[in-house]
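Structure record follows, encoded as structure tokens.
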Amino acid sequence: MNTLREHLRVLRETLQRLLLTPGASLLSILVTGIALSLPVGGYILLQSMQTLDARLGTKPQISLYLAGGMSAAEIGKLGDRLRRHEAIEAVEFIARDAALKQLRQSTGLADVIDGLTQNPLPDAYVVHPKSRDPATLEALRNEIQAITGVAHAQLDSDWLRKLEAILNFGQLAVALLAALLSFALVAITFNTIRLQILTRRQEIEVVKLIGATDAFIRRPFLYFGMLQGLLGGIAAWLLASGMLYAMNAALGELTRLYASSFNLPSLSPADSLSLLAFSAYLGWLGAWFSVSQHLWQIEPR
Amino acid sequence: MIQFNQVYKRYPGGHEALKNVSFGIAEGEMVYLTGHSGAGKSTLLKLIAAIERPTSGSVLVRGQNIRSIKREAIPPLRRNFGLVFQDHKLLFDRNAFDNVLLPLQICGFDPREAAKRVRAALDKVGLLAREKANPIALSGGEQQRLCIARAIVNHPNILLADEPTGNLDVEYAHEIMAIFQSFHQVGVTLIISTHDEGVLAKFPARVLHLKQGELQ
């Protein structure tokens, strides 16, 4: 109870101290917010690309386009042969009429399709191989290509692998950016607290003389760093949300043209909490470094 | 309560502030520390308050040796003291009330109980009407009394006063000494450094006289 009251008192005093220099406080909070909003924005972009990736399914598949003029029996026999193949997990038949219907529904090309006199699409099998290894897949593709009745076998894993590589690269870039900017935040807080310690030097000396513990002296500075970090985190959240809102508005236009719905997700509650906790922690860390670096130098004489 | 045994204090550069000082002060005793400026009075008080450590010899305060005291043990030790400084060491970013409140905040006092104690201490030094004033608006004598209020608010066992009447005229000086005398009467151990002959004559007590770092 005693300690709780003491912590509340320090919190209140810290808030007062922040409000005492509103300009400087606001600036520090904004700098923190901007610095953090960059990796947060990058993180959201990556996340949305990953959900896109997952929706498409990263499992490679081979599309088999069949030659025209095959009878239903021939097509069925080819399917059975594929199903018996030991390297193949599953086989899916897509009839040319069904394919056309799907195309008509999912794109805005209904007018064009209605204008066609005949269906230009071939019958197709979609083969799901067991392996994910590129070399094995390539060999399987060649093998299937050679089967009579197969006009063309296409391995669909290439662009997915490229996407994965890009995502990995993006993740690394965002992680590096976050690490660098976090370091900058710690440094900013370190300096802010150093200046505070210097201006409150006399007070520190006096309270040491009348029996204040190190923890008592440290507390207001740690609170200040933490509070500034937390407010910076809130600023980052607001900035990132604002950017998302603007980007979603623009994306809406774009995706409508591509006949799909795709939205950048907003930060989940868990991610938002992590952001706030992390930024508060960074502020606390900077203050802690500063305090342990400078406080012991101040001894009453 | 306080025991000095063959204490030497040498500063970097070779200046010897205290030479072979030995004495004891019993609980509830009132003692004057006299001598010219530079005789080592302040150094001696700093050793008692663990602001400095002796170069050799032992300084025992409430059974703890200042020479080897651990850093963590210093704050609890200092809470037994009331310190009155020649330069007051008041904080000008808060009013008189908050200055006196400081030692109680450090100990984590209940705010209502603390407020009562602060007002009692301010009343004792005759500054109750000035609790809202910033110390910078107070006269030299009032500042000194405010410093005393801060020193006693915590009900210390030991009061250390470094030239408490140093820059004050006789009337103020006697007022402050009367306050000290009243603490002595309730059992507080008092160590007052002074070179004010008038005070010594009017409020007699045991005298420790220092001359060039040596006890006479």
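The values are calculated or read from the model by the stated rules, or taken from the named source; none is laboratory data. Note that this is a predicted model, so its numbers are computed, not measured. With ideal geometry, Cβ positions are generated from the backbone for all residues, glycine too; neighbour counts draw on all protein chains shown.
Do you know which residues across segment B:68-80 are outside any loop (DSSP other than H, G, I, E, B) and either under 11 Å from residue B:18 (Cβ atoms) or away from every other protein chain (no Cβ under 11 Å) (or both)?
Passing the criteria: only B:68.
Just for segment B:94-103: of the residues that are facing another protein chain (nearest Cβ under 10 Å) and in contact with a helix residue (DSSP H, G or I) (Cβ under 7 Å, 6 or more places away or on another chain), which one is surrounded by the fewest Cβ atoms within 10 Å (Cβ to Cβ)?
Of segment B:94-103, the ones facing another protein chain (nearest Cβ under 10 Å) are B:94, B:99, B:102-103.
Narrowing further to those that are in contact with a helix residue (DSSP H, G or I) (Cβ under 7 Å, 6 or more places away or on another chain): B:99, B:102-103.
Details: B:99: 27, B:102: 20, B:103: 31.
It comes out as B:102.
Let me spell it out: the conditions are (1) at pLDDT 85 or above; (2) loosely packed, with under 11 Cβ neighbours inside 10 Å, and residue A:106 meets all of them except one. Which number is the exception?
(1)
Report, by residue number, each residue of segment B:93-116 that is part of a helix (DSSP H, G or I), among the charged types (D, E, K, R) and more than 20 Å from the chain's Cα centre (by Cα).
Quick first cut of segment B:93-116, residues part of a helix (DSSP H, G or I) only: B:96-106, B:111-116.
Checking the rest, the ones that are also among the charged types (D, E, K, R) come to B:98, B:112-113, B:116.
Listed by number, the residues that qualify are B:112, B:113, B:116.
Can you tell me which residues in segment B:127-154 are in a loop (DSSP other than H, G, I, E, B) and free of Cβ contacts under 8 Å to residues at least 24 places away in the same chain? Before the answer, list the steps.
Step one: filter segment B:127-154 for residues in a loop (DSSP other than H, G, I, E, B), giving B:127, B:131-134, B:138-139, B:153-154.
If the condition is that a residue be in a loop (DSSP other than H, G, I, E, B) and free of Cβ contacts under 8 Å to residues at least 24 places away in the same chain, then B:139 is the only one that fits.
Determine whether segment B:54-67 contains at least one residue that is in contact with a strand residue (DSSP E or B) (Cβ under 8 Å, 6 or more places away or on another chain), within 12 Å of another protein chain (Cβ to nearest Cβ) and surrounded by 15 or more Cβ atoms within 10 Å (Cβ to Cβ).
no
So residue B:78 ticks every box in (1) crowded, with 21+ Cβ neighbours inside 10 Å; (2) in contact with a Lys or Arg (Cβ under 7 Å, 6 or more places away or on another chain) but one. Which box is left unticked?
(2)
State the number of residues belonging to segment B:38-56 that are more than 21 Å from residue B:209 (Cβ to Cβ) and not in a loop (DSSP other than H, G, I, E, B).
Final tally of qualifying residues: 1.
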